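The values are calculated or read from the model by the stated rules, or taken from the named source; none is laboratory data. Because the structure is predicted, anything quoted here is derived from the model rather than measured. Note: ideal-geometry Cβ built from the backbone for every residue, glycine included; neighbour counts use all protein chains shown.
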Amino acid sequence: MSVDNSPQSIKVREAISNMGFYNPPLENRDPEEYMLMDFNEPPLPPPPEVVEKITELLKNRIHAYPIYGDFLEKLGEYVGVPTENLLLTNGSDQGIDVILRCLLENGDEVKMAQPGFPMFRQIAGTLGCPIDGPKFPADFRFPHEELKASVNEKTRLIVVINPNNPTGSAVSLEQIEDLLKSFPNLPVLVDEAYYEFSGQTCVSLLSSYPNLIVIRTFSKALGMPSLRLGYVVARPDFIMHLQKIRGPYDVNVVAVFAAREQLKHPAHWQGIVKHLLEESKPALEKFFDEHGVKYYSNQTNFMLVEPQDPVAACEFLKENNILVRPMGPPISHTFRMSLRMLPDMQRFMEVYSRFLKT
């Protein structure tokens, strides 16, 4: 009997084979060459004293497994919940991953207004679970009633991103509570990645609605995207199930140390938030208004812009060493740009003025 010893490709699960890629353009984003306005990153690093403490930590702790100490207590004070309501994750992406793996079986459906943060679709796809839901209308108002109407017998999870990425759409506390009331047997996952900018949170509803799950991140206002730290807020019984999935050392000690310092000394990052919302954003909106450029205002550190020719606009900005994020369908008529400190915004406005004259 002959044996086929020819090389064979590794067979993967059908759900993975059928998936597309979430492949954001992360390479060649040299901050020495480009002004980065494409990934909603904070415009400044943590203060020098925090960076110095991190450097000292690495000298003594990199060879040992993480010890998280009292950080959950500090985080609980910040969030306003007991420690048993919290789970640390390796970025909010891992929070999404452990929650979806905990809840979804193959073929279950997830409902979310479209477009939303692509990682939800990517992770659900690995489980063989489709994500769909109503599209945001032309004014990007949150389609609350349409989302409710889309729920069916296959729905296992409702996702709300507040404010939404990439549209910036806000969801009211009343709308979130209505979803929790209307579907008491369905988990409602609220992504509050931009909470520190909007100031709007639904965490207070957790005591009344056991089906509420909230995720947040230290990657945006708190200035630590490269250290990958997020957290889940939920009822203790659900947190216990998530702990079965997340590894015991998935969160690195440097991220926890830096986050503790950021929470202990908030003046730096809160000052940046204040500057972006009260100086950079009004200046940019005034510039767009004066030049007839359509944009969509929101309560985040980014803005969706609708130029007459988004491809040409993005290319012109890149040629002038400014990176913004072109959007895909169904909002390919826009690009998304992050806010930066006012001198950088003035540089953007000078370049964009030249584009408008081309």
Go through the stretch 193-223 and give me each residue that's basic (Lys, Arg) and either surrounded by fewer than 24 Cβ atoms within 10 Å (Cβ to Cβ) or part of a loop (DSSP other than H, G, I, E, B) (or both).
Lys220
Of the residues that make up the stretch 312-324, is at least one surrounded by 14 or more Cβ atoms within 10 Å (Cβ to Cβ) and acidic (Asp, Glu)?
no
So Asp289, is it surrounded by fewer than 20 Cβ atoms within 10 Å (Cβ to Cβ), in contact (Cβ under 8 Å) with a residue 40 or more places away in the chain and out of contact with any helix residue (DSSP H, G or I) (no Cβ under 7 Å at 6 or more places or on another chain):
no
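Conditions (1) under 21 Å from the mean Cα position of the chain (by Cα); (2) modelled with pLDDT under 95; (3) of a type outside the set (S, T, N, Q), marked per residue:
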| position | (1), (2), (3) |
| --- | --- |
| Asn252 | yes, yes, no |
| Lys264 | no, yes, yes |
| Lys274 | yes, no, yes |
| Leu277 | yes, no, yes |
| Ala283 | no, no, yes |
| Asn301 | yes, no, no |
Applying the selection to the stretch 178-213, what residues are more than 30 Å from Ile272 (Cα to Cα) and among the hydroxyl-bearing types (Ser, Thr, Tyr)?
Ser182, Ser207, Ser208, Tyr209
How many of the residues making up the stretch 325-347 are surrounded by 22 or more Cβ atoms within 10 Å (Cβ to Cβ) and in a helix (DSSP H, G or I)?
1
Looking across the stretch 83-104 at residues that are touching a helix residue (DSSP H, G or I) at 6+ places or on another chain (Cβ under 6 Å) and not in a helix (DSSP H, G or I), the single one that is nearest to Gly223 (Cα to Cα) is Thr89
Out of the helices (runs of 4 or more DSSP H) lying entirely within the stretch 233-307, which hold 1 or more residues that are closer than 30 Å to Asp139 by Cα and in contact with a strand residue (DSSP E or B) (Cβ under 6 Å, 6 or more places away or on another chain)?
281-290
Breaking point among (1) of a type in the set (D, E, K, R); (2) more than 30 Å from Leu263 (Cβ to Cβ); (3) within 17 Å of the chain's Cα centre (by Cα), for Asp132
(3)
Is there a residue in the stretch 62-75 that is closer than 30 Å to Pro163 by Cβ, at pLDDT below 90 and not assigned by TED's automatic domain parsing to the domain that holds Thr167?
no
Give Leu206, Leu242, Leu227, Leu222 a once-over and let me know the one that is of a type outside the set (Ser, Thr, Tyr), in contact (Cβ under 8 Å) with a residue 40 or more places away in the chain and closer than 16 Å to Gln94 by Cβ.
Leu242
Within the stretch 279-327, the residues that are among the small types (Gly, Ala, Ser), touching a Leu at 6+ places or on another chain (Cβ under 7 Å) and more than 24 Å from Thr201 (Cβ to Cβ) are Ala283
For Pro130, which of the numbered conditions (1) crowded, with 17+ Cβ neighbours inside 10 Å; (2) free of Cβ contacts under 8 Å to residues at least 60 places away in the same chain fails to hold?
(1)
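Here are Gly125, Gly116, Gly107: which of them is assigned by TED's automatic domain parsing to the domain that holds Tyr194, outside any helix (DSSP H, G or I), in contact (Cβ under 8 Å) with a residue 40 or more places away in the chain and surrounded by fewer than 19 Cβ atoms within 10 Å (Cβ to Cβ)?
On the way: Gly125 fails: outside any helix (DSSP H, G or I); Gly116 fails: surrounded by fewer than 19 Cβ atoms within 10 Å (Cβ to Cβ).
Answer to the selection: Gly107.
For (1) out of contact with any Pro (no Cβ under 6 Å at 6 or more places or on another chain); (2) hydrophobic (A, V, I, L, M, F, W, C), each residue gets a yes or a no:
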| position | (1), (2) |
| --- | --- |
| Thr83 | yes, no |
| Cys102 | yes, yes |
| Pro143 | no, no |
| Asn165 | yes, no |
| Ala170 | no, yes |
| Gln175 | yes, no |
| Asp178 | yes, no |
